[in-house]
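Here is the structure we will look at.
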Amino acid sequence: MLKHRGFPGRLPGTDHQFIIRRANKAGATKIVRRERYRDRSPADRRADAGFMAALWDHFGEEPFERGNLDAGRLSWLIGREVVPAAEPFDPASYEQLLKIDLKRAQASFPEVFADPDAFDWGGLDEDEDD
């Protein structure tokens with residue numbers, strides 16, 4: 001499992017995690033598209049925006065390997081703002097290549113692209129214990 005060095009471990013000030021520390025012995029958790037209903041909490045919406053900001057800051061428009069990115073957090077974006085970069089799509093693979101669908105991401109999270117400094121990642125301890 002590829003570990004994305006420098007990627008924020010969580011949303012600052014919350015327990016919304018963005019990465020996992022170790023590979024699951026039983027295999028990668030499957031990414032399953034989750035519906036984002038209008039009544040989601042502001043904290044959950046902020047976590048989605050923060051995760052998108054971290055993806056954009058770290059990868060930009062380039063394809064990236066799923067690696068240690070949290071399957072639960074990816075599940076809120078998959079099939080919309082984050083799409084497979086290679087076929088066939090294997091939702092239970094740490095090696096699956098993904099990419100940001102820039103037009104959809106900008107439409108869903110305009111605040112992320114309007115203000116690149118909206119999320120302060122400084123001082124967060126990413127993945128310290130290998």
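Considering the chain as a Gaussian network with a 10 Å cut-off on Cα pairs, which listed residue, 54, 71, 26, attains the greatest mean-square fluctuation?
Maximum fluctuation in the GNM of the chain, among the listed residues, is at 26.
Please identify every one of the trypsin sites (Lys or Arg not before Pro) in segment 1-90 that sits in a loop by DSSP and has no more than 10 other beta carbons within 10 Å of its own beta carbon.
Answer in residue order: 5, 25, 38.
For Cα extents along the principal axes in Å, the choices are [x] 73, 40, 26; [y] 44, 34, 33; [z] 37, 32, 29; which was calculated from the structure?
[z]
Quick one: Debye curve from the alpha-carbon atoms of segment 42-114 only, equal weights, vacuum; give me log10 I(q)/I(0) at q = 0.13, 0.21, 0.23, 0.27 Å⁻¹ to two decimals.
Once normalised to I(0) and log-transformed, intensities are -0.33, -0.87, -1.05, -1.42.
Please tell me the relative contact order of segment 42-114 in percent, rounded to the nearest whole number, where contacts are Cα pairs under 8 Å and at least six residues apart.
For segment 42-114, the relative contact order is 39 percent.
With springs only between Cα atoms under 10 Å, which of 101, 70, 117 fluctuates most in a Gaussian network model of the chain?
Maximum fluctuation in the GNM of the chain, among the listed residues, is at 117.
DSSP loop chymotrypsin sites (Phe, Trp or Tyr not before Pro) in segment 34-118 with at most 15 other Cβ atoms within 10 Å of their Cβ, which ones?
Taking segment 34-118 and a limit of 15 other Cβ atoms within 10 Å, the loop chymotrypsin sites (Phe, Trp or Tyr not before Pro) found are 37, 89.
Output the relative contact order of the chain, whole-number percent, from Cα pairs under 8 angstrom with separation of 6+ residues.
36
Every read-out reported here was derived from the displayed coordinates using simple, explicitly stated rules and does not represent laboratory data. Note that the structure is a prediction, hence the values are computed from the model and not measured. Backbone-built Cβ (ideal geometry, glycine too); neighbour counts: all protein chains shown.
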